[in-house]
Amino acid sequence: MPVTLSILYRGPLSSCNYDCHYCPFAKRHETAAELKIDRLALERLIEWIKTRTGDSLSLFFTPWGEALTRRWYQAAICELTRLEQVEKVAAQTNLSYDLDWIENANTSRLALWCTFHPSQTTRARFLSQSRRLTELGVAHSVGSVGLPEDLEEIERLRAELPDDIYLWVNAAKSSNVDYQGELLERFTAIDPLFELNTQYHASLGRSCRCGSSVISVDGAGEIYRCHFIKQRLGNLYEPGFEACLTDRPCTNQTCGCHIGYVHLDDLKLYPVFQEGILERIPVEFQSGPGNSFPVA
């Protein structure tokens with residue numbers, strides 16, 4: 001039967017052209033053989049999607065590292081955005097490449113989640129890339145990791161961005177930053193949803209859309225409810241995989257990543273993001289200028 005499904009795809013690619021000090025994939029390089037495995041896995045996914053006429057599919061590329069510097073991801077995005085069964089293609093990216101390839105995509109179905117890394121690129125360069133996306137008609141959010149040493153640079157980025165582009169901030173949980181007082185106030189002034197990201201949300205036994213209308217898929221087609229619960233549910237390429245798509249309570253004690261907790265029903269974030277749920281664009285930034293909104 002036809003399905004309506006969001007697929008969070010994370011293939012075997014685990015390399016990046018940046019060397020952020022907090023990232024385990026910084027400046028990691030892969031062999032030609034390893035890159036071929038990733039390319040073939042992505043091609044297999046595309047061929048499967050082509051067979052799913054009648055479905056309503058959204059794809060969100062969430063690689064370990066940076067994928068959009070690779071030609072096969074650029075080509076895949078362009079092809080996927082032109083398939084009738086694909087509602088949207090979204091991807092996390094650092095925007096460190098020439099954007100002209102996007103001219104070959106159906107940009108009405110493309111959205112990007114763009115991360116600014118102050119230690120790796122200049123604010124001027126990143127803003128130029130954001131403006132180019134706007135010229136190309138690509139909806140996008142931008143954001144950064146909320147390191148105290150980058151706070152002033154992120155504030156400048158917010159001041160120089162158009163008002164109708166959402167700037168999110170990810171709490172540096174792995175760095176044990178204590179977000180209180182002025183630090184919390186200033187990051188919240190940049191991103192009104194920031195405090196949500198500083199928390200590990202209670203999730204055990206709670207309702208989540210992951211596993212039913214949202215799934216995580218790896219390069220072999222193995223299905224998991226999300227990136228953070230490694231209980232295999234089935235395989236995308238097996239006949240009848242749809243039987244595994246069912247409501248399940250979360251089995252983790254907490255959920256601290258936006259990609260996961262945004263799907264927890266208790267947090268009521270679907271009304272906040274609506275059609276921008278994958279690319280992290282709140283509804284106010286989809287319909288016009290604005291940089292404040294209620295947290296449901």
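The values are calculated or read from the model by the stated rules, or taken from the named source; none is laboratory data. It should be emphasised that the depicted structure is a prediction, and the values quoted were computed from it without experimental measurement. Positions of Cβ are backbone-derived with ideal geometry, glycine not excepted, and every protein chain shown enters the neighbour counts. We work out accessible area using only protein heavy atoms, side chains counted, and drop any ligands, DNA or RNA first. Shrake-Rupley method; radii C 1.70, N 1.55, O 1.52, S 1.80 Å.
General remarks:
- Residue within the stretch 184-200 that is out of contact with any strand residue (DSSP E or B) (no Cβ under 9 Å at 6 or more places or on another chain), over 21 Å from GLN92 (Cα atoms) and of a type in the set (Val, Ile, Thr) present: no
- Residue match in the stretch 216-228 (condition: out of contact with any Pro (no Cβ under 9 Å at 6 or more places or on another chain) and exposed (fewer than 14 other Cβ atoms within 10 Å of the Cβ)): no
- Spans of helices (runs of 4 or more DSSP H) in the stretch 211-294 with at least 2 residues at pLDDT below 95: 284-287
- Note on the stretch 189-206: among residues that are surrounded by 17 or more Cβ atoms within 10 Å (Cβ to Cβ) and hydrophobic (A, V, I, L, M, F, W, C), the one that is nearest to ASN170 (Cα to Cα) is PHE194.
- GLU34 passes every criterion in (1) of a type in the set (D, E, K, R); (2) open to solvent by 30 Å² or more (accessible area, probe 1.4 Å); (3) under 20 Å from ILE215 (Cα atoms); (4) in contact with a Pro (Cβ under 9 Å, 6 or more places away or on another chain) apart from (3).
- All positions within the stretch 157-178 that are open to solvent by less than 70 Å² (accessible area, probe 1.4 Å) and either more than 21 Å from PHE273 (Cα to Cα) or assigned to a helix (DSSP H, G or I) (or both): LEU157, ARG158, ALA172, LYS173, SER175, VAL177
- Taking the conditions (1) assigned to a helix (DSSP H, G or I); (2) surrounded by fewer than 19 Cβ atoms within 10 Å (Cβ to Cβ) in turn, ILE154 satisfies each one other than (2).
- Checklist (1) open to solvent by 80 Å² or more (accessible area, probe 1.4 Å); (2) more than 19 Å from the chain's Cα centre (by Cα) applied to TRP64, failing item: (2)
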